[in-house]
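Structure, as structure tokens:
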Amino acid sequence: MNQVIETSLDSLENKLLFHHCIDIKYAKPEKIINKPEYAEDYLQDPHSWLQHQVGFYPIFLAAGNTQEDIRMTGYQNQWQRIISSKYINDKRVCEYEKPGEFDNFVLFSYKNLEGVFLDYDRWVRVLNSSYNGYNISNYYTRIILKPSWPKSKWLRKARNNPHSVMFVTNKLELDKSDRIWVRNKSTKKILEKRGFDKNIVQVKRIKLDPW
């Protein structure tokens, strides 16, 4: 089992380092956990493999303090208007979201959490391992989880190479997050009525992925 790391701020004091995005309907001031039945079918085996390695069923977070890191959560996708596209007679034809049908995501950010870091780029290897029954070698498992790395080295990797480090934990207490981002003022009011601290709920939009 990979060692569970208790993170602290040290030289990154007051930085928000861990980010998790959920739909507004699940955003309540309570503790959440993940279960196998919540996962999409194609993710159940990779998540079970990771559970075996770290000792708990994972909740995934982006690690780092830049918007590029936050993009790993998918928070920006709620402003994506194009559902699908295809080319007809060499012209791109797009299908757009209808008014009132946009996603409404909430981003919870934390300074400190207990959990395990993993290499996002190497994690893709697990996602693509259905062909061999998710039989990941010990060597590649070490590359993904890097159990010898201290927290400081993981944070250095995230700082030097944004969008490259993920973090998993066994639970999240949403009412203990250090900052909450929402898409608009009406969503902010909804969260405040549900009991979230109005001082940490912020309306924030980030740019869509450039591609």
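Output the residues belonging to the stretch 144-186 that are touching a strand residue (DSSP E or B) at 6+ places or on another chain (Cβ under 6 Å) and acidic (Asp, Glu).
GLU173, ASP178
Identify, please: which residue in the stretch 52-64 is touching a residue at least 12 places away in the same chain (Cβ under 8 Å) and farther than 22 Å from LEU107 by Cα and is, among those, surrounded by the fewest Cβ atoms within 10 Å (Cβ to Cβ)?
Looking only at the stretch 52-64, we keep the residues that are touching a residue at least 12 places away in the same chain (Cβ under 8 Å), and these are 53-64.
Keeping just the survivors that are farther than 22 Å from LEU107 by Cα gives 53-56.
Working: GLN53: 18, VAL54: 19, GLY55: 14, PHE56: 17.
The qualifying residue surrounded by the fewest Cβ atoms within 10 Å (Cβ to Cβ) is GLY55.
Filter the stretch 16-55 down to the residues that are in a loop (DSSP other than H, G, I, E, B) and under 30 Å from THR187 (Cβ atoms) and list them by number. Explain how you work it out, then say what you get.
Step one: filter the stretch 16-55 for residues in a loop (DSSP other than H, G, I, E, B), giving 16-17, 27-30, 33-35, 39-40, 55.
The answer is LEU16, LEU17, ALA27, LYS28, PRO29, GLU30, ILE33, ASN34, LYS35, ALA39, GLU40.
Going by what's in this entry, would PRO36 be described as surrounded by fewer than 14 Cβ atoms within 10 Å (Cβ to Cβ) and either at pLDDT 85 or above or among the charged types (D, E, K, R) (or both)?
On the way: surrounded by fewer than 14 Cβ atoms within 10 Å (Cβ to Cβ): yes; either at pLDDT 85 or above or among the charged types (D, E, K, R) (or both): yes.
So PRO36 passes the test.
Let me spell it out: the conditions are (1) under 21 Å from ILE206 (Cβ atoms); (2) touching a strand residue (DSSP E or B) at 6+ places or on another chain (Cβ under 9 Å); (3) part of a loop (DSSP other than H, G, I, E, B); (4) among the aromatic types (Phe, Trp, Tyr), and PHE108 meets all of them except one. Which number is the exception?
With respect to (1) under 21 Å from ILE206 (Cβ atoms); (2) touching a strand residue (DSSP E or B) at 6+ places or on another chain (Cβ under 9 Å); (3) part of a loop (DSSP other than H, G, I, E, B); (4) among the aromatic types (Phe, Trp, Tyr), PHE108 is out only on (3).
The values are calculated or read from the model by the stated rules, or taken from the named source; none is laboratory data. As the structure is a prediction and not an experimental result, all values here were calculated from the model. Positions of Cβ are backbone-derived with ideal geometry, glycine not excepted, and every protein chain shown enters the neighbour counts.
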